[in-house]
Structures are given as structure tokens and as C-alpha cells.
1. Across the stretch 141-158, what is the total count of residues that are of a type in the set (A, V, I, L, M, F, W, C), modelled with pLDDT of 85 or more and part of a loop (DSSP other than H, G, I, E, B)?
2. Is it the case, given these coordinates, that VAL167 is under 14 Å from the mean Cα position of the chain (by Cα) and either exposed (fewer than 13 other Cβ atoms within 10 Å of the Cβ) or in contact (Cβ under 8 Å) with a residue 24 or more places away in the chain (or both)?
3. Being in a loop (DSSP other than H, G, I, E, B) and among the charged types (D, E, K, R) is the filter; apply it to the stretch 199-238 and report the residue that is nearest to PHE255 (Cα to Cα).
4. When you check GLN268 against the structure, is it within 21 Å of VAL193 (Cα to Cα) and either surrounded by fewer than 16 Cβ atoms within 10 Å (Cβ to Cβ) or not aliphatic (A, V, I, L, M) (or both), yes or no?
5. If you scan the stretch 46-69, which residues turn out to be modelled with pLDDT under 70, in a helix (DSSP H, G or I) and buried (at least 18 other Cβ atoms within 10 Å of the Cβ)?
6. Would you mind telling me which numbered condition in (1) under 30 Å from GLY146 (Cα atoms); (2) in contact with a strand residue (DSSP E or B) (Cβ under 7 Å, 6 or more places away or on another chain) SER249 fails?
Amino acid sequence: MRTIQTDQTERLAAAPLTDISEWARGQGLEIVMIVIGAVLLTRFANWAGARVERRIDARALVTDGAVRSETTKHRHAVVQVLTWVTLVLVYCVAVMLVLRRLGVPLTGIVAPATVLGVALGFGAQRIVQDVLAGFFMVAERQYGFGDLVRLVVQGSPTAITGTVEEVTLRITRVRTPNGEVVITPNGQIVQVVNLSRDWARAVINVPIPSNVDVATVTDVLTEVGVDAYADETLHGLLLDEPTVMGVESLDLDQFKVQIVARTLPGKQFEVGRALRARISGALLRAGIHIPAVLDTAPPTAS
């Protein structure tokens with residue numbers, strides 16, 4: 001009798017271990033495979049996205065010349081967005097499959113999930129706003145990878161100027177001229193100024209002493225524009241000859257003459273620096289001494 005009771009006790013004690021072993025060989029193994037599959041899929045998505053981006057960049061170097069075309073920048077942004085969406089979908093599907101293998105009834109969590117979704121909806125309004133703003137930004141081609149932009153961000157006292165390095169539905173990553181990386185949620189961007197769309201302008205206001213003849217200054221600046229357009233280095237960056245617009249402002253001791261140059265998108269700063277150096281030298285050779293500061297108006301883009 002005691003032997004029978006002992007055998008029953010041993011079988012009952014071994015039953016949980018047997019159940020765990022069977023679960024580990026069955027559903028537990030499936031969970032491990034799902035997690036491994038999700039990791040492999042996300043890595044493949046990242047690899048595929050990076051490969052497509054490299055092909056776009058390589059093609060841009062061959063066909064686009066000095067600057068990226070708008071189509072190339074838009075394709076780059078779309079690839080980044082699709083990669084991000086793919087990662088989110090893979091993780092969501094993997095979580096649902098793991099919950100099913102754990103025996104969690106998905107139909108039973110619909111009601112709690114609805115309540116939780118409403119609560120999160122109020123708390124995550126900014127995330128939804130970021131995603132919607134990112135969707136319209138990509139769909140409307142406001143800017144793309146490699147664009148030089150100025151972003152006016154809600155709550156920021158100054159605008160952010162830099163080159164776009166990454167675009168997703170939620171955030172935009174910009175690198176400033178100082179090398180700083182600024183990550184901004186798309187929903188907080190109030191205004192976008194694209195400085196590298198189609199073409200740009202380098203605007204230079206040259207301060208001239210009031211006792212100098214305006215016609216003489218105009219002739220000197222016009223000659224600078226002609227020489228700059230004929231230069232092999234600048235000719236590929238300029239769309240036409242720099243134009244002298246005339247007197248921009250008058251002060252008691254000086255006046256400012258404005259010269260404008262249309263350039264390839266994003267090249268207005270390089271052209272502006274070259275023109276300022278040429279203008280300073282030409283005026284000095286003409287015997288016109290300008291103030292120490294050569295003012296440059298903010299660059300504009302079409």
C-alpha cells in the first residue's frame with residue numbers, strides 16, 4: 001500500500017516537469033523561433049534599406065552631377081520611411097504571435113486594449129501628430145535626404161539650419177554646420193525653409209563710402225560678376241552671371257549695393273564666399289576702401 005502511494009506521489013511530482021518539458025519543446029520552441037525570425041527580418045530590412053540607399057547615392061553621383069536631384073532626395077526619404085514602417089510591423093506581428101503561444105486570449109483583451117488605447121490616445125497625441133506630419137512631409141516632398149533646410153520648431157527661440165541626414169514618419173535628423181546632430185519630432189516643426197530646392201541665391205550687400213561714385217562701383221561689381229561666371233570653378237555652380245541690383249540702402253556715411261547670384265541648390269554659401277573675396281580685391285584695386293564688415297543677406301531658395 002505504501003509502495004503504491006509512493007509511486008503516485010512521484011508521478012505527481014514529475015508531472016509538472018514533464019509539462020514544462022513538453023511546453024518547451026512545443027510552444028516554447030515556437031516562441032524562440034518567432035523572436036529569432038523577427039530579429040532576422042529586422043536586420044534584413046535594415047540591410048536592404050541601406051543597400052537601396054547606397055545604390056541611390058551611387059546613381060546620384062553618376063547622373064546628378066554637383067547636387068542631388070529632387071527625385072533622388074525624395075527616393076532616399078521614402079526608403080528610410082519604408083524601412084522604419086517595416087520594423088514597426090515586424091515587431092507588432094511578433095508580439096501578437098508570442099502572446100498567442102503564451103495562451104493569452106486575444107479576443108479577451110480587446111475590451112481592455114480599447115480602454116488602454118483611448119487612454120494612450122490622449123497621452124500619445126503628440127506621437128500621432130508626429131506620424132501624420134511625417135506622412136504629409138514625405139508625400140508633399142517638402143524636403144528629403146541631403147537637403148539644406150531651416151526648421152522653425154515650436155518652443156525653440158531660434159531656427160535650426162542644417163543638412164537632413166535621416167527622415168522617418170516620426171522624426172527628422174539634421175546636422176548643423178557646427179557638426180551638431182539635431183533630432184526634431186515632425187509634429188513640432190512649424191515652418192520649413194528649403195534652401196536647396198531647385199535653385200538658390202547668394203545675396204551680398206556691399207557697403208560703400210558715401211563719397212564714392214555709384215556708377216564706378218556698379219561697373220566694378222559687374223566686372224566681378226562676369227569674371228566669376230567665366231571662372232571654371234564657379235561656372236559649374238552658377239546658373240547665370242551674378243547681377244548687380246543697385247543701391248539697397250542709404251546711411252549717413254555709406255550706402256549698400258546689392259549683388260545677387262543664382263546658384264545650384266545648396267551652393268549659395270560657397271559661391272557667396274568666393275564672390276566676397278573677389279569683390280574685396282576688385283574694390284581695393286579700384287582704390288575703393290570698404291568697411292571691415294562685408295554684409296551678406298540671408299540666403300534664399302526658390
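The values are calculated or read from the model by the stated rules, or taken from the named source; none is laboratory data. Please read these numbers as outputs of a predicted model, since none were measured by experiment. Every residue, glycine as well, gets a Cβ built from its backbone with ideal geometry; the counts of neighbours run over all protein chains shown.
1. Residues that pass the stated criteria total 0.
2. Judged against the criteria, VAL167 is a match.
3. ASP213
4. Against the criterion (within 21 Å of VAL193 (Cα to Cα) and either surrounded by fewer than 16 Cβ atoms within 10 Å (Cβ to Cβ) or not aliphatic (A, V, I, L, M) (or both)), GLN268 qualifies.
5. Within the stretch 46-69, ALA60 is the sole residue that qualifies.
6. SER249 satisfies all of (1) under 30 Å from GLY146 (Cα atoms); (2) in contact with a strand residue (DSSP E or B) (Cβ under 7 Å, 6 or more places away or on another chain) except (1).
Results for (1) crowded, with 16+ Cβ neighbours inside 10 Å; (2) over 26 Å from THR83 (Cα atoms); (3) at pLDDT 85 or above; (4) in contact with a strand residue (DSSP E or B) (Cβ under 7 Å, 6 or more places away or on another chain), shown as yes or no for each residue.
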residue	(1), (2), (3), (4)
ARG101	yes, yes, no, no
ALA111	no, yes, no, no
VAL115	no, yes, no, no
VAL128	no, no, no, no
ALA139	no, no, no, no
ILE183	no, no, yes, yes
